[in-house]
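As structure tokens, the structure follows; a few thoughts come after it.
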Amino acid sequence: MVAITSPHHWKRRPRQGGAGAERAHSPSGIGRFGPRRVLSALLAALQAMVDAQGLLPEPDPARVRTMLIEIGELDPAAPPQERRRALAAFQRASGLADDGVADGRTVSMLSRAWRERREMHALGVDPG
């Protein structure tokens, strides 16, 4: 029979110094920064990227135009310059800042409206 022992640094060390003492190192290699703390920091950074205005580039204008046409916000025969006006109208109707720029929140709302419209059409329901 073979005895398996854990490495010395995995063993719990007794706390010294009361409530403010540091934890013993975990076998994950993260040390006193546990997985929850690391995940929390990563999520905060991701949220900051999503909330930042102008950080993400505007998506393909042709794709935005296609979605606006399919949800009924833009006439298919409209010139390309009308995309910005139609996007501003969609933003206004969705409660967003109506600047006509396809930022992250706008594209998210536009994609949601486009998906809902397609699902209704697939079910044979005319969304109007």
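The values are calculated or read from the model by the stated rules, or taken from the named source; none is laboratory data. Computed from a prediction, not measured in an experiment: that's the story for all the values here. All Cβ positions, even for glycine, are placed from backbone atoms using ideal geometry, and neighbour counts span all protein chains on display.
Evaluate the stretch 50-60: report whether one residue or more is under 22 Å from the mean Cα position of the chain (by Cα), outside any loop (DSSP other than H, G, I, E, B), at pLDDT below 90 and within 30 Å of residue 122 (Cβ to Cβ). For the stretch 50-60, residues under 22 Å from the mean Cα position of the chain (by Cα), outside any loop (DSSP other than H, G, I, E, B), at pLDDT below 90 and within 30 Å of residue 122 (Cβ to Cβ): present. For the stretch 82-128, the set of residues classified as touching a residue at least 24 places away in the same chain (Cβ under 8 Å) and either among the small types (Gly, Ala, Ser) or in contact with a strand residue (DSSP E or B) (Cβ under 6 Å, 6 or more places away or on another chain) (or both) consists of 102, 104, 111, 113, listed by residue number. Residues in the stretch 73-128 that are of a type outside the set (A, V, I, L, M, F, W, C), assigned to a loop (DSSP other than H, G, I, E, B) and surrounded by 15 or more Cβ atoms within 10 Å (Cβ to Cβ): 73, 98, 100, 103.
When residue 61 is tested against (1) without any contact (Cβ under 8 Å) to a residue 40 or more places away in the chain; (2) touching a helix residue (DSSP H, G or I) at 6+ places or on another chain (Cβ under 7 Å); (3) surrounded by fewer than 17 Cβ atoms within 10 Å (Cβ to Cβ), only condition (1) is not met. Residues that are of a type in the set (A, V, I, L, M), touching a Pro at 6+ places or on another chain (Cβ under 8 Å) and over 29 Å from residue 47 (Cβ atoms) within the stretch 69-128 comprise 69, 120, listed in sequence order.
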